[in-house]
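S.K.: Next up is a structure, given as C-alpha cells.
The values are calculated or read from the model by the stated rules, or taken from the named source; none is laboratory data. Treat the numbers as computed from the prediction; the structure is a model and nothing was measured. As a convention, Cβ positions derive from the backbone with ideal geometry for all residues, glycine included, and neighbour counts pool all protein chains shown.
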Amino acid sequence: MSLFSDSGPALDPSGSGASDTLLDGAPHASRDAGHREAASTDRSGFVARSHPDGVVFAESAEDVAATLKLATAHRVPVVPRGAGTGLAGGSSAQSGEVVLDVSRMNRILHIDPVEQLAVVQPGVLNAELNAAAAEYGLFYAPDPASTAICSIGGNIATNAGGMRCAKYGVTRESVLALRVILADGRELHTGRQTIKGVTGYDLNALIIGSEGTLGVVVEATLRLRPLPVATATVAAFFRDVESAARAASAVVAARIQPSMMELIDGPTLQAVDAALGTSYRSRGASFLLVQTDGYGAYLEQDVALEAIRPHAASCGSAADDDEAAAFLRARREAIPSLEKLGRVSIGDIGVPRGRLAEAVAGLEHIAAETGTRIFTIAHASDGNLHPMIVMDPQDPVDDGPAKDALGRMFFLANRLGGTLTGEHGVGLLKRDWVGAELGDVSLGVQHAIRRALDPLGILNPGKAI
C-alpha cells in the first residue's frame, strides 16, 4: 500500500521509531535541531508546522542508495534536498519525514572541452560550473537569477530556466544524461553523452522537473556551449509597466532572438534602489533589459531598439561592460531586495508572449482585489512572469490573502492560455491548482508513473502532483 495520497503529504506510519532506525543506520545522519529546522523550509517563504525527524548528509551515490534502501525497508518518507533555494516548498520537510541532503556532493567530475560537456554531482552550484567552464571558453546556459546559490540538482528537479532560456532553452535542453538512485536503492542511468539519441522512452526528460518524486539525481552529464563572441545590451525605461510589456512583445514580433529580455516593474525598481543605492526608479515606472549575443549581436540590438522606441520613455545601449553588468545586477538583486521588505511569496506564471501586457494588468487588479502588495519581474522573452507578494513576516504564504492571490494568478494565466508554473515547480504551494491545469487523464497517468517508480510513495510525498 502506498504511503502517499493524492491529497496531502504522507507521515511515517510507524511513528518516530522507524525514522530513528533509518537515522541510526544511514551514513552522516543528524538529529541536530538546527539542521532539522533549516531543512523544514526553503526560499519560498513557506513555514512548516513541524520539523523533520532528521537529516542525512549524503557524500556519495552509495550514501544515497543506502539511505533509500533503509527508507524502503522501514517505510520512512524521504525529502530530497540540495541548496534549499527552491521557491515552491518542494524541499520543505515536516515531522515523520527524513531529509536526504545532497549538497555535500559538490564536485565537478569532468569537463570535456572537445565534446563540450561537463559531468557534475548534484550539489555543484550553477555559478561554480560556469566559472569552471569559462576557463575552456564555454558556459552552461541555464541561468537562474539565483545562480550564485542554487545547485545543479535543484535546477534539474524543477527544470529551471532563468534569464537566458528564451534562446538556449531550460535545463532539460542542457542535460544529456543522468545517474539516478530510485526509491528502492537501485541505480538508473538515463540519456547518453551524445547530442542525439532516441533509443527507448526519454527517461531523462521524465526525471527532469519531477521535483524529487521519481528518484534522486547523483550525477549529471551537462551540455556546455561556446561563450558568445559578443554581447550587446539595451536598457529601456517606460511610463508604466504595461508599456514595457508591449515593448517586449514588439521585440518578439520583430523576429530576433534575444539571449535575455527581463522586465522589472516600478515598485521592484524602488526596492532595488533602496537596497543597492541606485536611482533606476527616477528614470521610469518600469524597466526592460535586453541582451543579444553572437556574431550578430549588434545587428539584433539595432532591431530591438527600433521595436522598443515607440513604447519607451527612454532607451539606449549600455555604454560599456560595466554599465551592462550594473543593469544585470539590478535584475539579479530584485528578489533579495524585496526580501528586505518582508516575507516574499514568488509566483511563477507563464502566458503567451503576446499577452504579457494583459497579464501585467491582471496582476494589478489581483493586488487591488486581495489587498496584497504584488511586485512583478518577468522573463519577458518567453512570457514567464514572477509576481511576488510581499507580506509581513508573521503572515503565512500558504493561507489567507497570499494564497487567494496565488490562486487568482493561476486563473489569470489559465484564462490567457498559460500555466501555473514556468520554472519553479509545484512543490507544496501550488498543488491545489494542478488538477485544473492538467485534467483528470493527464493527472491519472502521472500518478501511475509515480507509483511505478516509487510504489510505497516514500519520495517527497505530497509534492508536485
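S.K.: Here are some conditions: (1) assigned to a helix (DSSP H, G or I); (2) of a type in the set (D, E, K, R); (3) buried (at least 19 other Cβ atoms within 10 Å of the Cβ). Asp24 meets all but one. Which one does it not meet?
M.R.: (3)
S.K.: With respect to Asp42, is the statement that it is modelled with pLDDT under 95 and surrounded by 24 or more Cβ atoms within 10 Å (Cβ to Cβ) true? Lay out the reasoning, then the answer.
M.R.: Numbers: modelled with pLDDT under 95: yes; surrounded by 24 or more Cβ atoms within 10 Å (Cβ to Cβ): yes.
Taking the combined requirement at face value, the residue satisfies it.
S.K.: Mind listing whichever residues of segment 315-327 are hydrophobic (A, V, I, L, M, F, W, C) and either at pLDDT 95 or above or not assigned by TED's automatic domain parsing to the domain that holds Thr376 (or both)? Working first, answer last.
M.R.: Filtering segment 315-327 down to residues hydrophobic (A, V, I, L, M, F, W, C) leaves 315, 318-319, 324-327.
Hits for segment 315-327 are Cys315, Ala318, Ala324, Ala325, Ala326, Phe327.
Yes/no per residue for (1) crowded, with 24+ Cβ neighbours inside 10 Å; (2) small (Gly, Ala, Ser):
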| site | (1), (2) |
| --- | --- |
| Leu227 | no, no |
| Phe238 | yes, no |
| Ser243 | no, yes |
| Ala247 | yes, yes |
| Ala254 | no, yes |
| Gln270 | no, no |
| Gly294 | no, yes |
| Ala297 | no, yes |
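S.K.: Also, I was wondering about something else. Which of the residues spanning segment 435-462 are among the aliphatic types (A, V, I, L, M), within 29 Å of Gly185 (Cβ to Cβ) and assigned to a helix (DSSP H, G or I)? Spell out the reasoning first.
M.R.: Taking segment 435-462 first, the residues among the aliphatic types (A, V, I, L, M) are 436, 438, 441, 443, 445, 448-449, 452-453, 456, 458-459.
Those still in the list that are within 29 Å of Gly185 (Cβ to Cβ) too: 443, 445, 448-449, 452-453, 456, 458-459.
Listed by number, the residues that qualify are Leu443, Val445, Ala448, Ile449, Ala452, Leu453.
S.K.: I would also like to ask the following. Within segment 200-219, restricting attention to residues that are in contact (Cβ under 8 Å) with a residue 40 or more places away in the chain and in a loop (DSSP other than H, G, I, E, B), which residue is surrounded by the most Cβ atoms within 10 Å (Cβ to Cβ)?
M.R.: Pass one, segment 200-219, residues in contact (Cβ under 8 Å) with a residue 40 or more places away in the chain: 206-219.
Then keep just the ones that are in a loop (DSSP other than H, G, I, E, B); that gives 208-215.
Values: Ile208: 26, Gly209: 20, Ser210: 26, Glu211: 23, Gly212: 29, Thr213: 25, Leu214: 25, Gly215: 26.
Looking at residues that are in contact (Cβ under 8 Å) with a residue 40 or more places away in the chain and in a loop (DSSP other than H, G, I, E, B), I get Gly212.
S.K.: (1) part of a helix (DSSP H, G or I); (2) in contact with a Ser or Thr (Cβ under 7 Å, 6 or more places away or on another chain): which one isn't true of Val64, the others all being true?
M.R.: Result: Val64 fails condition (2) only.
S.K.: Among (1) crowded, with 19+ Cβ neighbours inside 10 Å; (2) assigned by TED's automatic domain parsing to the domain that holds Arg239; (3) of a type outside the set (Ser, Thr, Tyr), where does Glu358 come up short?
M.R.: Just one mismatch for Glu358, condition (1).
S.K.: Hand me the list of helices (runs of 4 or more DSSP H) wholly inside segment 100-199 holding 2 or more residues that are modelled with pLDDT under 95.
M.R.: Filter on segment 100-199 gives 165-168.
S.K.: Could you grab me the full set of residues in segment 20-43 that are charged (D, E, K, R) and either within 17 Å of Arg81 (Cα to Cα) or in contact with a helix residue (DSSP H, G or I) (Cβ under 6 Å, 6 or more places away or on another chain) (or both)? Even if it seems obvious, please write down each step before you answer.
M.R.: Within segment 20-43, the first condition is being charged (D, E, K, R), and the residues that meet it are 20, 24, 31-32, 36-37, 42-43.
Across segment 20-43, the qualifying residues are Arg31, Asp32, Arg36, Glu37, Asp42, Arg43.
S.K.: Suppose we keep only residues that are in contact (Cβ under 8 Å) with a residue 60 or more places away in the chain and among the aromatic types (Phe, Trp, Tyr) within segment 272-331. Which one would you say is farthest from Ala253 (Cα to Cα)?
M.R.: So the residue we want is Phe327.
S.K.: Given the conditions (1) without any contact (Cβ under 8 Å) to a residue 60 or more places away in the chain; (2) surrounded by 21 or more Cβ atoms within 10 Å (Cβ to Cβ), and given that Gly371 satisfies all but one, which numbered condition is not satisfied?
M.R.: (2)
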